[in-house]
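Visitor: After the structure tokens below, expect a handful of questions from me.
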Amino acid sequence: MIHAMQQYDYDLFVIGAGSGGVRAARVAASLGARVAIAEERYLGGTCVNVGCVPKKLFVYGAHFGEDFEDARGFGWTSGAVAFDWPTLRDNKSREIERLNGVYRGLLEGAGVEILESRATLVGQHDVRVANSTVTAANILVCTGSWPFVPSFPGSDLAITSNEAFYLPDLPRRALVVGGGYIAVEFAGIFAGLGVHTSLSYRRELFLRGFDDGIRRFVRAEMIAKGIAMLPPARPQSIERANGGLRCHMSDGSAVDADLVLMATGRRPASKGLGLETAGVTLARNGAIPVDDSYRTNVPHIYAIGDVIDRVQLTPVAIAEGMCVAHNLFGGESRHGGPRRRVNYENVATAIFCQPNIGTVGPTEEIARQRYARLEVYESSFKPMKHTLSGRSERSLMKLLVNGEDDKVVAAHMCGPDAGEIVQGLSVAINAGATKADFDATIGIHPTAAEEFVTMREVAR
Ligand code: NDP
């Protein structure tokens, strides 16, 4: 198959060097394909530069304030503690630059040609990049997504997560607007760093789509940490006032803040790529519709990751990228074997709010519709560390079991290291473990995680 592609400059041209694109390019090149990747902004895309990675570093940074306080109950005294924002910001940026270099090395090591320029399609096999036009047998579009800010007067005075990673100064008061991953994560980061933080969401309870019990639990914990939860409303206008910003809300209230962060979703970044010229159909929100092999309506043009707007998560984009590379250039499918597919069932995910949320499988509300006999196991407790720290923070764990066949169908947790714990559980759940398997597993003592194998009483 690769031989038949020699009429083109490349076997695969990848547009966008984010998580999905880099993986697809590397795997394709390692399978013998001639691959180029174009990137106009930064190697590693959103995740590495203005997403998962710097966010997690900020989450670590934000937690130290509590750690200093908690240490007292364990006998530690320290002088006055102080936080210096430029140190955290700039150390983070240095680490990101190091990772940009790592990504460059990985691509070069795999033999992928890196073109640091915007690429646009000028024909079905033709790509305009860095003042020249090249041809490719296959094209993969993985240009990701970009923060969406609703339009209202003064909305340009607000920032998005992109800018939050490079703030010149930490604000004294921050208003975070939205109720998704980014809103709750940044509310926790700001509050942890000592910023007076308010969270404004347009409905009653944020994190729509997550388990209701977990949502209520984390809301109470966030309030206990000093985050002000504003009544449901949307911002209607923002103006400069008293040296800061005043945000007028749809319920008639006004919120004063030094910084307004709009975390109101991300939209597929598909504009200006020449997709229309190449005949690729777009959905109304800009997403690129694809089949289960990530083919667009033009069979040799593929798309993966945030730009297809299925699941906006780095590991999902990576799985999709591997799938495309293997199906195009891997031995199995070239010799008539099965095509690889991505399993979107039971994708485990974590939200790095404070405390963290880790989750795999359906919410209790959805599981109740899906299974006639649902057993809910639930445990809420004070983590051992806080018996001495004196902190009131609690953890919540839930296991959902299909009473018909005893299979564990979901695990939800809010508490320290929830993501670390739920990752392991997701293997068991995806492998079809039963509640009896969980019960037969000996716990690791004393941990919070052992609670997942020691819950015996059905709560509901
Ligand atoms: P989400 O789609 O998760 O949430 C968007 C939020 O904004 C929702 O609460 C939504 O409300 C609200 N919203 C949307 N439009 C408006 C509007 N016009 N006015 C007021 N509110 C509005 O987006 P995020 O920006 O938080 O994150 C984008 C994606 O990035 C996530 O879906 C996630 O997949 C990914 N991500 C993953 C992380 C992780 O794995 N830890 C971390 C950060 C991001 P409503 O609920 O009413 O629709």
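The values are calculated or read from the model by the stated rules, or taken from the named source; none is laboratory data. The structure displayed is predicted, hence computed values, not measured ones. A quick note on method: Cβ atoms are made from the backbone with ideal geometry, for glycine too, and the neighbour counts reach across all protein chains shown. Note: areas computed on protein heavy atoms with side chains; ligands, DNA, RNA excluded. Shrake-Rupley method; radii C 1.70, N 1.55, O 1.52, S 1.80 Å.
Visitor: Within the range 140-151, identify whether any single residue is part of a helix (DSSP H, G or I), closer than 23 Å to Ile318 by Cα, open to solvent by less than 30 Å² (accessible area, probe 1.4 Å) and polar (S, T, N, Q), and answer yes or no.
Guide: There is no residue in the range 140-151 that is part of a helix (DSSP H, G or I), closer than 23 Å to Ile318 by Cα, open to solvent by less than 30 Å² (accessible area, probe 1.4 Å) and polar (S, T, N, Q).
Visitor: When you go through (1) surrounded by 24 or more Cβ atoms within 10 Å (Cβ to Cβ); (2) more than 16 Å from the ligand (Cβ to nearest atom) one by one for Arg368, which number turns out not to apply?
Guide: Every listed condition holds for Arg368 apart from (1).
Visitor: Would you mind stating whether Thr387 is open to solvent by 20 Å² or more (accessible area, probe 1.4 Å), among the hydroxyl-bearing types (Ser, Thr, Tyr) and out of contact with any Cys (no Cβ under 9 Å at 6 or more places or on another chain)?
Guide: Numbers: open to solvent by 20 Å² or more (accessible area, probe 1.4 Å): yes; among the hydroxyl-bearing types (Ser, Thr, Tyr): yes; out of contact with any Cys (no Cβ under 9 Å at 6 or more places or on another chain): yes.
It is true that Thr387 is open to solvent by 20 Å² or more (accessible area, probe 1.4 Å), among the hydroxyl-bearing types (Ser, Thr, Tyr) and out of contact with any Cys (no Cβ under 9 Å at 6 or more places or on another chain).
Visitor: Taking the condition of a type in the set (D, E, K, R), in a helix (DSSP H, G or I) and open to solvent by less than 50 Å² (accessible area, probe 1.4 Å), does Glu97 pass?
Guide: no
Visitor: Pick from the range 249-268 the residues that are β-branched (Val, Ile, Thr) and assigned to a strand (DSSP E or B): which of them is nearest to the ligand (Cβ to nearest atom)?
Guide: So the first thing to find is which residues in the range 249-268 are β-branched (Val, Ile, Thr), and the list is 255, 260, 264.
Of the ones still in play, those that are also assigned to a strand (DSSP E or B) are 255, 260.
Numbers: Val255: 14, Val260: 12 Å.
Going through the qualifying residues, I end up with Val260.
Visitor: Give all pairs with beta carbons closer than 7 Å in which a residue from the range 435-460 that is touching a residue at least 24 places away in the same chain (Cβ under 8 Å) meets a residue that is loosely packed, with under 13 Cβ neighbours inside 10 Å; count only pairs at least 6 apart in sequence or on separate chains.
Guide: Within 7 Å, the pairs are Pro446/Met384.
Visitor: Do you know which of the residues in the range 419-443 that are assigned to a loop (DSSP other than H, G, I, E, B) and over 29 Å from the mean Cα position of the chain (by Cα) is farthest from Thr387 (Cα to Cα)?
Guide: Thr441
Visitor: Name the residue that is nearest to the ligand (Cβ to nearest atom), counting only residues in the range 327-341 that are touching a helix residue (DSSP H, G or I) at 6+ places or on another chain (Cβ under 6 Å) and at pLDDT 95 or above. Step through it out loud before you land on a result.
Guide: Narrowing the range 327-341 to residues touching a helix residue (DSSP H, G or I) at 6+ places or on another chain (Cβ under 6 Å): 327, 329, 333, 339-340.
Retained after the next criterion (residues that are at pLDDT 95 or above): 327, 329.
Working: Asn327: 25, Phe329: 29 Å.
Here the residue is Asn327.
Visitor: Could we say that Asn297 is assigned to a loop (DSSP other than H, G, I, E, B), farther than 26 Å from Thr160 by Cα, open to solvent by 10 Å² or more (accessible area, probe 1.4 Å) and without any contact (Cβ under 8 Å) to a residue 60 or more places away in the chain here?
Guide: yes
Visitor: So Pro362 ticks every box in (1) assigned to a loop (DSSP other than H, G, I, E, B); (2) surrounded by 18 or more Cβ atoms within 10 Å (Cβ to Cβ); (3) touching a Ser or Thr at 6+ places or on another chain (Cβ under 9 Å) but one. Which box is left unticked?
Guide: Failing condition for Pro362: (3).
Visitor: What pairs come out if I take residues in the range 19-34 that are over 14 Å from Arg104 (Cβ atoms) and pair them with residues that are open to solvent by less than 10 Å² (accessible area, probe 1.4 Å) and at pLDDT below 95 whose C-beta lies under 6 Å away, six or more apart or interchain?
Guide: Pairs found: Leu31/Gly330.
Visitor: Would you confirm whether or not the range 74-96 contains a residue that is closer than 30 Å to Tyr294 by Cβ and either at pLDDT 95 or above or under 21 Å from the mean Cα position of the chain (by Cα) (or both)? Spell out how you get there, then give the answer.
Guide: We begin by selecting, within the range 74-96, every residue closer than 30 Å to Tyr294 by Cβ; these are 96.
With either at pLDDT 95 or above or under 21 Å from the mean Cα position of the chain (by Cα) (or both) added as a condition, the list becomes 96.
Yes, that holds for at least one residue.
Visitor: For Leu282, state whether it is under 30 Å from Thr120 (Cα atoms) and either open to solvent by less than 30 Å² (accessible area, probe 1.4 Å) or within 15 Å of the ligand (Cβ to nearest atom) (or both).
Guide: On the way: under 30 Å from Thr120 (Cα atoms): yes; either open to solvent by less than 30 Å² (accessible area, probe 1.4 Å) or within 15 Å of the ligand (Cβ to nearest atom) (or both): no.
When the stated conditions are applied, Leu282 does not pass them.
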